[in-house]
């Protein structure tokens, strides 16, 4: 199995929508493109959130998506029609437009784009009750992997891959978490790709980690799920 680094390249802001088996990822702080307008519905939805952090993350993600798509499609950001599916997954209205997935954790957010269905997850590695969560949602083999390691890294690797696949599927975490499993032995896929199955559907998930610039011992786990393995992942860091 080829390492993820063979498919992942650092890229300036891509000038065109990713085509074919390519994907494009954008990583940013919440204040990026702070002047980009959002829709009235998005503004009202943000205002309805009781948590300041949730409101900031939601609006920042929508600004990032609108800025990128407006550049690619030559449309004013506020004129883009971004709606929610019945399960709450955002999508862009129109023909021949890219699929996208928004995720955030800690002080960062990330958006992934592709011509095909795509799911992305970003998680700051941190202290939590990983063993208890794993025993509830993971298989026995996966739970042992989390329990046997002193770090939280195995838990976040397995969790981000699961969540990316669920977001690509689009039917929601609550409905799909119990149905999600790894086809391959997860301990053998550090820094590479895994096949995650949800019912009869299989998703190819790429996983890797990134550091927080200027902060020691802080890292984020990144997972990207697609039906077909991307031939190229363009990684645009806007921090």
Practice problem: Just give me the residues in region 30-43 being closer than 20 Å to residue 107 by Cα and surrounded by 13 or more Cβ atoms within 10 Å (Cβ to Cβ), in sequence order. | Solution: 30, 32, 33, 36
Quiz item: If you take the residues in region 122-139 that are at pLDDT below 95 and surrounded by 22 or more Cβ atoms within 10 Å (Cβ to Cβ), which one is farthest from residue 54 (Cα to Cα)?
Solution: 138
Practice problem: Return yes or no: is residue 146 surrounded by 21 or more Cβ atoms within 10 Å (Cβ to Cβ), touching a strand residue (DSSP E or B) at 6+ places or on another chain (Cβ under 6 Å) and either without any contact (Cβ under 8 Å) to a residue 24 or more places away in the chain or within 24 Å of residue 43 (Cβ to Cβ) (or both)? | Solution: no
Exercise. Determine if region 30-39 includes at least one residue that is within 26 Å of residue 226 (Cα to Cα) and at pLDDT 95 or above.
Key: yes
Quiz item: Across region 64-85, which residue is nearest to the chain's Cα centre (by Cα) among those that are over 15 Å from residue 97 (Cβ atoms) and surrounded by 15 or more Cβ atoms within 10 Å (Cβ to Cβ)?
Solution: 64
Practice problem: Taking only region 96-105 into account, find how many residues are exposed (fewer than 14 other Cβ atoms within 10 Å of the Cβ) and in contact (Cβ under 8 Å) with a residue 24 or more places away in the chain. | Solution: 0
Self-check item: Options 46, 61, 119; residue that is outside any helix (DSSP H, G or I), modelled with pLDDT of 95 or more and surrounded by 15 or more Cβ atoms within 10 Å (Cβ to Cβ)
Solution: 119
Practice problem: Identify, from the list 174, 191, the residue that is modelled with pLDDT under 80 and in a loop (DSSP other than H, G, I, E, B). | Solution: 191
Practice problem: Kindly indicate whether residue 132 is out of contact with any helix residue (DSSP H, G or I) (no Cβ under 8 Å at 6 or more places or on another chain), part of a helix (DSSP H, G or I) and under 25 Å from residue 238 (Cβ atoms). | Solution: no
Quiz item: Among (1) surrounded by fewer than 22 Cβ atoms within 10 Å (Cβ to Cβ); (2) part of a strand (DSSP E or B); (3) touching a helix residue (DSSP H, G or I) at 6+ places or on another chain (Cβ under 7 Å), which single condition is residue 109 missing?
Solution: (1)
Quiz item: Regarding residue 35, is this residue over 23 Å from residue 220 (Cα atoms) and outside any helix (DSSP H, G or I)?
Solution: yes
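The values are calculated or read from the model by the stated rules, or taken from the named source; none is laboratory data. None of the values given here were measured: they were computed from a predicted structure. Positions of Cβ are generated from backbone atoms using ideal geometry, with glycine treated the same way; all protein chains shown enter the neighbour counts.
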